[in-house]
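Undergrad: Sharing a structure here in structure tokens format.
Derivation of every value follows stated rules applied to the coordinates shown; laboratory data play no part. Because the structure is a prediction, the values reported are computed rather than measured. With ideal geometry, Cβ positions are generated from the backbone for all residues, glycine too; neighbour counts draw on all protein chains shown.
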Amino acid sequence: MTDLSQTKLTQQQVRERIEQRLASRHRKEKIFRGLGIASIAFGMLAVLVLFTDIISKGSGAFVQSAIELRVHYDEQVLGIDKVDDESLAWANFTGVIREALRERFPEASSRSEKRELYSLVSTGAPFTLRDRLEANPELLGQTETVWLTADDDVDTFVKSLSDSAEGFRGRTSDQKAGWIEQLMASGELKKRFNTTFFTNGDSREPEQAGIRAALMGSLFTLLVTLALSFPIGVAAAIYLEEYAPKNRWTDLIEVNINNLAAVPSIVFGLLGLAIFINFFELPRSAPLVGGLVLTLMTLPTIIISSRAALKAVPPSIREAAMGMGASRMQVVFHHVLPLAMPGMLTGAIIGMAQALGETAPLLMIGMVAFIVDVPGGITDPSTVLPVQIFLWADSPERAFVERTSAAIMVLLSVLILMNASAVLLRKKLERRW
Amino acid sequence: MQTPTLFALLLLLILVAYGTGFSRAVAAARTSGGLRKLASLPSYYGLHTALWCGLPALLLLGTWLAFDDAIIRALVMNGIADKPDTIAGQNLLYAQVQNLAAGHLFGEASPQVQAAAARFTELRNGSRNLQAALSLILAIGLGAFTVLRFSPQLRAREKVEKVLRGVLIACACAAIFTTVGILLSVLFESLRFFQAVPITEFLFGLHWSPQMALRADQVGSSGAFGAVPLFTGTLMVSAIAMFVAVPVGLMSAIYLAEYASKRVRTFAKPVIEILAGVPTVVYGFFAALTVAPFIRDLATSMGLQASSESALAAGLVMGIMIIPFVSSLSDDVINAVPQSLRDGALGLGSTKSETVRKVVIPAALPGIVGGVLLAVSRAIGETMIVVMAAGLAANLTTNPLESVTTVTVQIVTLLVGDQEFDSPKTLAAFALGLMLFLSTLVLNFIALHVVKKYREQYD
């Protein structure tokens, strides 16, 4: 009897224990699940913070303060009597602008006050006037109202007014701030769309700095990369997938490709510096060398994705073609390759997106130069968009932070566009067998 | 003749060769009774002729262009009687000669430079004429020879396919050439570096300050090349990154693979993958301007002293960058675990998390380890984030709030800007590059091996 009661007792205990344990096990289950959700949330939060941070910092750079001034193209101040190339090069447009500023604010009298006054407009403003006069020679001796780009300190101050009533002063004195507020109240200072940002090269003055040169540099570099890496990558993939016998040599090639895909990009930069620049003496800072280095870097990506695309073509296609008497080469080039092309193109676009965002190897081959002129070919000195971002990120002016973020926004939009088109291409053209 | 014109001319010749070969074959077919009397289709005869016409000439031209500058330079420099001893001095002199030859040199050139410039112009023009003549003769000669040798029995297709196959093999070998190129470029410069600085000092020295004396009599700037602070700095930043990336990446992969509904999966996966597509320079900017000040302020409010270029900021952002890498690799291996294992565990009454922790993860462990190793090699080689957000001072510290420097940062700072190619300072960058290449190579090799073994297990 005692035995039985004991067993009963134990059964009850067992049940209790099981329920206790079950509760704790379910609790653990919930915690585990919660951790999973937290991880996903962390990842998404990182994306959200990153993008809002960049956009909130950079959206301001797409507008730029400009000041409306009545400018008199006075022959005496300009020091010219006719409009031709030579006289335009010598003409004193700065004087004309200073004249106009003094006229607008006659109260500035002392030297330091005048200096403050003159620093309202950008040092690039005289070029705007020169371009206007060159286009309309009849303006000489006339007066007209023009919008001139404001200095970056003015711009920063104006933009910071929306954050706080005081605004970010920096080097701006009280008097200058007063002038600026006066101009804003009368509508003579407005924020206008910043075309300079898209039409100019780099500059030491933030208000004159643009991404055009860097964009063209990126374009040339990518063209070189695409022209080299796509044919070579596809050819390599065809050989490895369709021809290569299974032997040591093929294994070696495959190990190499997989390894190169994981080699740090900066090492490719060292290769470019030692071989392309020091050994073959190709020009430094040129898109040609940048493209070569990026070709080596993106080749593994393209080879791997092209092989996957070739693998996805069913063997029945090959067998049918061979059955009709096609040679091996004809099978590949007439039948397999066209079917694999969408997949290969997708891989190529992703590889190009990777190359477009790459910075480190290009620093090694001297593409960090200060480039004002828009490059016209693949051997001109140039920089690329990511490197331009890197250079601007180092600049102390507040206005450059804004421009850096704006350049990042441009870069990210291009990348998103490329990736989206890759996804679209895959969806549209990919065939399931 | 200018090189582009020469290329255009060669291209034209190739087209003509194709046309001739093609029409020859068509004509032969007409006289002998139909295409089936030919051994190959007419287009292959065209290609055959075009290949013979163009390929040798283009190869010759390519080799010529690759080496002519170096040969001309050697010839010109040999002709100069008293040239400077240093490589930098010789470079300067040669640049002067080139500038004078191109017609834009400011100031007065010495008679020696003038003579060299004249010789340079003469050699360069000679080289250009010779290269044009040789490649054109080669193209026309071989093209004509192939046309003359035409016969309907010629197996043109097989010959063309043989050449194409050779081209394919050459392209496939590009990967090997790249690896060899990387090894040679870092190895040679590193060996030169180790002649100046003993390898033991480089590997075990505790002090890094790569300044070299500009003058021999300068005081206190002999330079120290002990790379240990760089190695520890790299390890610390990578460790912080892995501390963020591995748990988050692994847990999100588990959640997406085992728990998430299809809708959540199709939304969350691409969003997290966005992190993988963001360029590293953007992360660097984010780390330097947003995360680092935030961490500094946070530390200050907690009464701690934090550098504005803390290892923590760089590591944290690098971790965020690596999350999608870890998660997609883990996702692959978790999905490769056979469903029967899960069903078995669930059937024995284990909860979902127990199934994951006691069955799925152990089964997928080799693959996960391989993925983590690949992620570590990524973190070690990452450059832009640390260049922008970690410091330059080589501190030997274990405090993540202090500024540290890494191998990649030093490579960039040593090589960006003006450089002399014979100073240990520049060569040190290549020695660091060699270390970086070797360590990532070993990590990748182990990781790929582990992943491959694991795949075979369940295939």
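Undergrad: Can you list which of the GluC sites (Glu not before Pro) found in segment A:251-337 are DSSP loop residues with at most 14 other C-beta atoms within 10 Å?
TA: A:281
Undergrad: Just to confirm a number: summing +1 for Lys and Arg and -1 for Asp and Glu over residues other than residue B:259 whose beta-carbon lies under 12 angstrom from that of residue B:259, what do you get? Could the numbers behind the result be given before it?
TA: Values: positive: A:30, A:33, B:262, B:265, B:352; negative: A:29, B:258.
Result for the neighbourhood of residue B:259: +3.
Undergrad: Run the reach check for residue B:425 against lysines, Cα to Cα strictly under 26 Å, same-chain hits fewer than 8 apart removed. What comes back?
TA: Answer for residue B:425, where 26 Å is the Cα cut-off: B:83, listed by chain and number.
Undergrad: Would you report the distance distribution of C-alpha pairs in segment B:74-156 as whole percents per 10 angstrom bin, up to the bin with the largest distance?
TA: 15, 32, 17, 12, 11, 9, 2
Undergrad: Now for a separate question. Distance cut-off 32 Å, Cα to Cα: go down the list A:30/A:57; A:246/B:352; A:427/B:159; B:262/B:358; B:358/B:453 and report the pairs above it.
TA: A:30/A:57; A:246/B:352; A:427/B:159
Undergrad: Right, next: Span-like helices, chain B: DSSP H, alpha-carbon axial extent 20 Å or more, mean Kyte-Doolittle -1.0 or greater, which ones?
TA: Helices passing the filter in chain B: B:3-32, B:42-79, B:87-102, B:111-148, B:156-172, B:174-196, B:228-254, B:262-277, B:311-336, B:361-381, B:424-458.
Undergrad: Within segment B:56-116, list the chymotrypsin sites (Phe, Trp or Tyr not before Pro) lying in a DSSP loop whose Cβ has at most 12 other Cβ atoms in a 10 Å radius.
TA: Taking segment B:56-116 and a limit of 12 other Cβ atoms within 10 Å, the loop chymotrypsin sites (Phe, Trp or Tyr not before Pro) found are B:106.
Undergrad: Taking only C-alpha pairs under 8 Å that are 6+ residues apart, what is the relative contact order of segment A:1-114 in percent? Don't skip to the answer; put the middle values down first.
TA: Values: 28 pairs, mean separation 18.4, N = 114.
Relative contact order for segment A:1-114 comes out at 16 percent.
Undergrad: Further question on the same structure: Sort B:397, B:406, B:63, B:355 so the one with the fewest other Cβ atoms within 10 Å of its own Cβ comes first.
TA: Details: B:397 17, B:406 33, B:63 11, B:355 20.
Ranking B:397, B:406, B:63, B:355 by Cβ neighbours within 10 Å, fewest first, gives B:63, B:397, B:355, B:406.
Undergrad: Another question, if that's okay. By counting other Cβ atoms within 10 Å of each Cβ, how are A:297, B:236, A:184 ranked from fewest to most?
TA: Numbers: A:297 26, B:236 22, A:184 16.
Arranged by neighbour count, lowest to highest, A:297, B:236, A:184 become A:184, B:236, A:297.
Undergrad: Ok, one more. Relative to 2.2 N^0.38 Å, what does the C-alpha radius of gyration of the protein assembly as shown come to as a ratio? Two decimals please.
TA: 1.15
Undergrad: Same structure, new question: Give the order of B:251, A:322 when sorted by the count of other beta carbons within 10 angstrom, beginning with the fewest.
TA: Ranked by crowding around the Cβ, least crowded first: A:322, B:251.
Undergrad: For segment A:62-147, which GluC sites (Glu not before Pro) are in a loop by DSSP, counting at most 12 other Cβ atoms within 10 Å? Write down the numbers at each step before the final one.
TA: Details: sites: A:68, A:75, A:86, A:99, A:103, A:107, A:113, A:116, A:134, A:138, A:144; in loops: A:107.
Here the sparse-neighbourhood loop sites are A:107.
Undergrad: Can you check how the C-alpha radius of gyration of chain B compares to 2.2 N^0.38 Å, as a plain ratio?
TA: With N residues counted in chain B, Rg over 2.2 N^0.38 Å equals 1.39.
Undergrad: Helix by helix through chain A, keep the DSSP H runs that span 18 Å or more along the axis on Cα and average at least -0.5 on Kyte-Doolittle, and give those back in order.
TA: Answer set is A:2-58, A:212-238, A:248-262, A:287-311, A:337-356, A:398-429.
Undergrad: Once you order the gyration tensor axes a ≥ b ≥ c over the Cα atoms, which shape class does segment A:62-194 get: rounded for a/c under 1.5, otherwise prolate or oblate by comparing a/b with b/c?
TA: In terms of gyration-tensor shape, prolate.
Undergrad: Using only the Cα atoms of chain A, construct the convex hull and provide its projected area averaged over every direction, in square nanometres to one decimal.
TA: 39.9 nm²
Undergrad: Of the lysine pairs in segment A:62-194, how many meet both conditions: Cα atoms under 25 Å apart, and a spacing of 8 or more in sequence or different chains?
TA: The number of close lysine pairs in segment A:62-194 is 9.
Undergrad: Further, regarding this structure: So what is the 222 nm mean residue ellipticity for chain A from helices alone, if each DSSP H run of at least 4 adds -39500 (n - 2.57) and you divide by all residues, rounding to the nearest 500 deg cm²/dmol?
TA: One gets -20500 deg cm²/dmol as the mean residue ellipticity at 222 nm.
Undergrad: Taking amide H atoms as placed 1.01 Å from N in the peptide plane, list the residues 5 or more away in sequence, or in a different chain, whose amide H sits under 5 Å from that of residue A:121.
TA: A:151
Undergrad: How far apart, in nm, are the 7 Å Cα→Cβ label points at residue B:39 and residue A:127?
TA: Between residue B:39 and residue A:127, the simple spin-label model gives 6.6 nm.
Undergrad: Less than 13 Å Cβ to Cβ from residue B:197, Lys/Arg counted +1 and Asp/Glu -1: what total charge do the surrounding residues give?
TA: Taking every Cβ under 13 Å from that of residue B:197, the sum is 0.
Undergrad: Does segment B:1-138 classify as rounded, prolate or oblate by the C-alpha gyration tensor (a ≥ b ≥ c root eigenvalues; a/c under 1.5 gives rounded; else a/b over b/c gives prolate, otherwise oblate)?
TA: It comes out prolate by the Cα gyration axes.
Undergrad: Given a cut-off of under 8 Å on Cα pairs at least six residues apart, what relative contact order in percent is computed for segment A:212-429?
TA: Value for segment A:212-429: 32 percent.
Undergrad: Please report the relative contact order for segment B:224-458, taking Cα pairs under 8 Å with a sequence separation of at least 6, and give it as a percent rounded to a whole number.
TA: After rounding, I find 29 percent.
Undergrad: Do me a favour and compute the ellipsoid semi-axes for segment B:265-424 from its Cα gyration tensor, root of five times each eigenvalue, largest one first, whole Å. Don't jump to the answer; show the numbers that get you there.
TA: Details: eigenvalues 301, 77, 45 Å².
Three semi-axes, in Å: 39, 20, 15.
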